[in-house]
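Shown next, in structure tokens, is the structure this report addresses.
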Amino acid sequence: MEEENFREALQQALSQKQEWYNSECLQELLSQYRLLHTCVKNLYEGFVKKSLIVPDPYRLDKKISEIVVPDSSPFAESDIPNVFGSRFSDYETMLDYICTYFRFSTETFTLQNVKKLLDFNKVFEWDDLSMNNSRMNTRALAMTVNSAKNGAPNVVQSMINDSVAKSAQASKAIGKMLTELGVFQRELYKGGLRKDLFEHPDFNKAKAAESAEGELAEIKRLYTKVTGKKTFFNDLVNEIVEEDHGPDKEAKQAAVLEKLAIKNTGRVETKKKAGPDTKEMLMQAVLAVGATAPTLIQLHGKLAENFDVLFTRKASLWNKLMALLRKAFNLKEPERTCQLPVKDGKTGVEKIQKMNVTEFMSELAKKERVFNGIGTKGNEYHRIETANEDAILSFVNKQISELQSEFVIINSLDAYFKKEVANEFKARVKGMQIELSALRNSIINANKKRSEYVSYKEEAEQMKKLGIADNV
């Protein structure tokens, strides 16, 4: 094709592809990173809780301002708690930085950053999590995951398996998108040079048109003057020259435009409604509810230990005799119940509430499974997403209300254990105020997102009634 026509078509294709990346593809990439971060954070907290890794004491003090790939050099299996623990901590912290502070736009995803992110994506081979893996980082992760599942309740094992599977899916999707983005950035670099150098008043177009050597000489002569300290990629500059002077330049130019074509995703384009997507707003509240799963799991573990301590019987002759009789006649253990003083948050009046411990712990375990599935965007999340907004709002309302009630009960239990446990066992009681504070903040966050949705819907409905808007 004629040079002028190719350059115009190229710049138009680059502009359209860049807009597509910024508005669609990079938002999907961010979604995959968030999913991976949620799963990795769940695993990290589980490893720390079971003392399988040593947490980095300076973890929260690290100031991150760029993509840094954790070390992948070999280390001894005996160093897994410290070395792997430090690397996995850095991995989770970097994911948090990517999801929170990294700007998802084509300007930020330079060729250098894409390469770093591709290297970062290979730090752990989630799709080959084997204790025989040749790469020590992945082998250590596989061994730690196996240790975390060993002897753990079924619900915890299920959550670990789900987090690993979701991490593998997200990592694969991220790798594919980054590879495609790298291809686009190469073409964007080449297109930028064509625009900035070839249209520069000092660029000798006649000399460049004469031969490949002439064009290359002109590019090198003006490169630093026009681009400053921008990296000079020899292979990409050579591609430009081949596209302009090679024996099969027409085919190469056509191939470039083909790379930049936006493929049909199969989705039917619909006219976007003005204003925010209300269902998406509501699903953010659902995700906020799901984010309580890791905290509930931690509280569940401490509650189980504290209840065991609470119901520990003194080794008296009478208790030993009763235990022998129950065993001899195959009698059930007495039902675990407690008379729990619970203070009403509104009136401040304290009431005694009979609590069936087994039922309470069972319901808590069910919530953990459901919320973990939501937080990792598993089947539970997708089932909710297919429902209408009224049903989703009803679900969110119910879960927030129940979480608030459970917070009050667990907070009361924290004080109850400290008071009622026998003196000789008090040192074994696990405090829960840190986890309760985290749960309170999570509930506040979910409630805030729900309120934002309700307020917007109410305001939009009122505007609609006044005839001011009709796009709700």
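Observations on the model:
- Options 105, 130; residue that is modelled with pLDDT under 95, touching a helix residue (DSSP H, G or I) at 6+ places or on another chain (Cβ under 6 Å) and open to solvent by 20 Å² or more (accessible area, probe 1.4 Å): 130
- Qualifying residue in region 407-420 (condition: β-branched (Val, Ile, Thr), on the phi < 0 side of the Ramachandran plot and open to solvent by 50 Å² or more (accessible area, probe 1.4 Å)): yes
- Criterion violated by residue 331 - all others in (1) closer than 25 Å to residue 312 by Cβ; (2) at pLDDT below 90; (3) aliphatic (A, V, I, L, M); (4) in a helix (DSSP H, G or I) satisfied: (4)
- Restricting region 210-231 to residues that are aliphatic (A, V, I, L, M) and touching a residue at least 24 places away in the same chain (Cβ under 8 Å) leaves a set whose member that is surrounded by the most Cβ atoms within 10 Å (Cβ to Cβ) is 219.
- When residues of region 431-470 are limited to those that are open to solvent by less than 60 Å² (accessible area, probe 1.4 Å) and outside any helix (DSSP H, G or I), the one modelled with the lowest pLDDT: 469
- Tabulated pairs, region 355-371, first of a type in the set (D, E, K, R), second surrounded by 13 or more Cβ atoms within 10 Å (Cβ to Cβ), C-beta under 7 angstrom, 6+ apart or interchain: 367/296; 368/155; 368/293; 368/296; 368/297; 368/300; 369/155; 369/158
- Any chance residue 141 is buried (at least 20 other Cβ atoms within 10 Å of the Cβ), of a type in the set (A, V, I, L, M, F, W, C) and without any contact (Cβ under 8 Å) to a residue 60 or more places away in the chain: yes
- When we screen 196, 119, 202 for residues that are among the acidic types (Asp, Glu), modelled with pLDDT of 95 or more and closer than 30 Å to residue 14 by Cα, the only hit is 119.
- Answer residue from region 340-371, given it is within 30 Å of residue 43 (Cβ to Cβ) and open to solvent by less than 10 Å² (accessible area, probe 1.4 Å) and is farthest from the chain's Cα centre (by Cα) among those: 357
- Being open to solvent by less than 30 Å² (accessible area, probe 1.4 Å), under 19 Å from residue 83 (Cβ atoms), touching a residue at least 60 places away in the same chain (Cβ under 8 Å) and part of a helix (DSSP H, G or I) is a condition met by at least one residue of region 148-155.
- Residue pairs meeting the criteria (Cβ under 8 Å; at least 6 apart or on separate chains; first closer than 15 Å to residue 8 by Cα and assigned to a helix (DSSP H, G or I), in region 248-262; second acidic (Asp, Glu) and open to solvent by less than 50 Å² (accessible area, probe 1.4 Å)): 253/243; 256/187; 256/243; 260/187
- Scanning region 1-46 for residues that are of a type in the set (Ser, Thr, Tyr) and in contact with a Cys (Cβ under 7 Å, 6 or more places away or on another chain) yields a count of 1.
- Test: residue 315 is modelled with pLDDT under 65, out of contact with any strand residue (DSSP E or B) (no Cβ under 6 Å at 6 or more places or on another chain) and assigned to a loop (DSSP other than H, G, I, E, B): yes
- Considered as a group, the residues in region 1-38 that are surrounded by 18 or more Cβ atoms within 10 Å (Cβ to Cβ) and either hydroxyl-bearing (Ser, Thr, Tyr) or without any contact (Cβ under 8 Å) to a residue 24 or more places away in the chain (or both) include one that is nearest to residue 298 (Cα to Cα), and that residue is 38.
- The single condition among (1) of a type outside the set (Val, Ile, Thr); (2) assigned to a helix (DSSP H, G or I); (3) under 22 Å from the mean Cα position of the chain (by Cα); (4) crowded, with 19+ Cβ neighbours inside 10 Å that residue 172 does not satisfy is (4).
- Across region 44-72, the qualifying residues are those that are hydroxyl-bearing (Ser, Thr, Tyr) and touching a residue at least 40 places away in the same chain (Cβ under 8 Å), and the one among them that is least open to solvent (accessible area, probe 1.4 Å) is 44.
- When residue 41 is tested against (1) part of a helix (DSSP H, G or I); (2) over 24 Å from residue 377 (Cβ atoms); (3) modelled with pLDDT of 90 or more; (4) open to solvent by 60 Å² or more (accessible area, probe 1.4 Å), just one condition goes unmet, and that condition is (2).
- Test result for residue 238, farther than 30 Å from residue 30 by Cα and among the polar types (S, T, N, Q): yes
Conditions tested, residue by residue: (1) without any contact (Cβ under 8 Å) to a residue 40 or more places away in the chain; (2) under 30 Å from residue 368 (Cβ atoms).
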residue	(1), (2)
159	no, yes
165	yes, yes
168	no, yes
188	no, no
193	no, no
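- The set of residues in region 232-250 that are of a type in the set (D, E, K, R) and open to solvent by less than 50 Å² (accessible area, probe 1.4 Å) comprises 243, 244.
- For region 44-83, filtering for residues that are in contact with a helix residue (DSSP H, G or I) (Cβ under 7 Å, 6 or more places away or on another chain), hydroxyl-bearing (Ser, Thr, Tyr) and in a loop (DSSP other than H, G, I, E, B) leaves 1.
The values are calculated or read from the model by the stated rules, or taken from the named source; none is laboratory data. Every value quoted in this text rests on a predicted model; they were computed, and no experiment measured them. Neighbour counts run over all protein chains shown; Cβ positions are idealised from the backbone, glycine included. Heads up: the accessible areas ignore ligands, DNA and RNA and are worked out on the full protein's heavy atoms, side chains in. Shrake-Rupley method; radii C 1.70, N 1.55, O 1.52, S 1.80 Å.
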